[in-house]
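Scroll down for the structure; my scribbles are underneath it.
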Amino acid sequence: YYEVRNYSGLIDGFNNGTSNNLFFKTVLARYSVNQPLYPTAGSNISFTFQFTPPWSAIRGEEFSDATPLAQKYKLIEYHKYRFTAEWYQRIVGNMVLKFATKYGFLGYYNPQIGFSPFERFQVGGDGLSQNAFFIGRDIIAHRGYEVYANENATIFNKYTAEVRYPFSQSPTSTIYGLAFYECANSWASFKDYNPFKLNRSAGLGIRLFLPMFGLMGLDYGIGFDRYDRASGNTSFKDIGKFTFMLGFEPD
């Protein structure tokens, strides 16, 4: 249940009204990772399907451009898909390669209503923008970048490759370093969708797991597509970004 009052962060100027989000969600998954803190083999693959009833069809409602948004979004309707696949493979010794790919898609039933203002994707940043959960967005982190200008995406693609090496695998303190290459982007609709237009970044990071604090991490990423000679973004300071993580690896 969402109650929106004078909020400007949603689509189409929907800044006042109440919305109800009643949905069914199921996950099909296969998990074969050999150890959770520093995996060296196995995979984690999942497909998530989430949908609401087509309320407008059930109730026989019709809408026009003049219909108030509060009426259109009183009962949210959508269908949503998420796919995640992660693979781990030992390279040599304790050095490990991780490859991950993630996709998300949000669809609608009724073109008179269009996409739901909630359940969209926010791509970019460190994944710690917890306030986005309050407005029903999935947070997709991208190291080396701030949150993209398109914060109300209905499609996203993300690819990650990491080489990891452990400095300590003690049960009381697991510490490892990593080098990563990451590509991602988001789009407002299939009309704009271009799977080959991705924002690229690379960098270094470190992860620490301490029982009293949990998982912590620090990354420094260079966002290659932030380089812009015309605007003066030409130095590491302009196109690089530190990102922190605490408690969990963000999407």
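The values are calculated or read from the model by the stated rules, or taken from the named source; none is laboratory data. Since the model is a prediction, treat every value here as computed from it, not as a measurement. Neighbour counts run over all protein chains shown; Cβ positions are idealised from the backbone, glycine included. Side chains included, ligands, DNA and RNA excluded: accessible areas come from the protein's heavy atoms. Shrake-Rupley method; radii C 1.70, N 1.55, O 1.52, S 1.80 Å.
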Furthest towards positive pole of dipole, LEU208, ASN185, VAL4, structure part the chain, Cβ charges
LEU208
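Computed over the Cα atoms of the range 139-244, what is the ratio Rg over Rh, Rh following Kirkwood? Display every interim value, and only then the final one.
Details: Rg = 16.2 Å, Rh = 15.3 Å.
Checking Rg against Rh, the ratio lands at 1.05.
If you take the alpha carbon radius of gyration of the chain and divide it by 2.2 N^0.38 Å, what ratio comes out, to two decimals? Kindly include the intermediate steps, with their values, before the conclusion.
Working: Rg = 20.4 Å, N = 251, 2.2 N^0.38 = 18.0 Å.
Compactness ratio reported: 1.13.
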Could you tell me the distance between the Cα centroids of the range 139-204 and the range 23-86, to the nearest Å?
21 Å
Residues of the chain: accessible area per residue with a 1.4 Å probe, Å²:
52 Å²
Within the accessible area of the chain, what % is carbon and sulfur when the probe is 1.4 Å and the other protein chains stay in place?
59 percent
Probe radius 1.4 Å, ligands and nucleic acids left out: which of TYR38, TYR103 has the largest accessible area, and how do the rest follow?
TYR103, TYR38
Given the options SER186, SER19, SER116, state which has the largest fluctuation in a GNM of the chain using a 10 Å cut-off (strictly under) for Cα springs.
SER19
In Å and on Cα atoms, what radius of gyration and Dmax does the range 83-190 show?
17.2, 58
Would you mind working out the magnitude of the charge dipole of the chain relative to its Cα centre, with +1 at each Lys and Arg C-beta and -1 at each Asp and Glu C-beta, to the nearest 20 Debye?
500 debye
Step through the residues of the range 20-31 one at a time and calculate ³J(HN,Hα) from phi using the Karplus curve (6.51 cos²θ - 1.76 cosθ + 1.60, θ = phi - 60°), rounding each to whole Hz and writing x for Gly and Pro.
10, 10, 9, 9, 10, 9, 9, 10, 9, 9, 9, 10
Using the 2.2 N^0.38 Å rule of thumb for compact globular proteins, work out how the range 1-68 stacks up: its C-alpha Rg over that value, please.
1.83
Running a GNM on the chain with Cα contacts under 10 Å, which residue among ALA202, ALA57, ALA141 ends up with the highest mean-square fluctuation?
ALA57
Would you list the P(r) distribution for the range 17-144, with all Cα-Cα distances sorted into 10 Å bins from 0 and each bin expressed as a whole %?
11, 31, 29, 17, 9, 3, 0
Within the range 15-52, whose backbone N sits under 11 Å from a point 7 Å along Cα→Cβ of ALA70?
15-19
Who wins for biggest fluctuation among PRO166, PRO211, PRO36 in a Gaussian network model of the chain, springs between alpha carbons below 10 Å?
PRO36
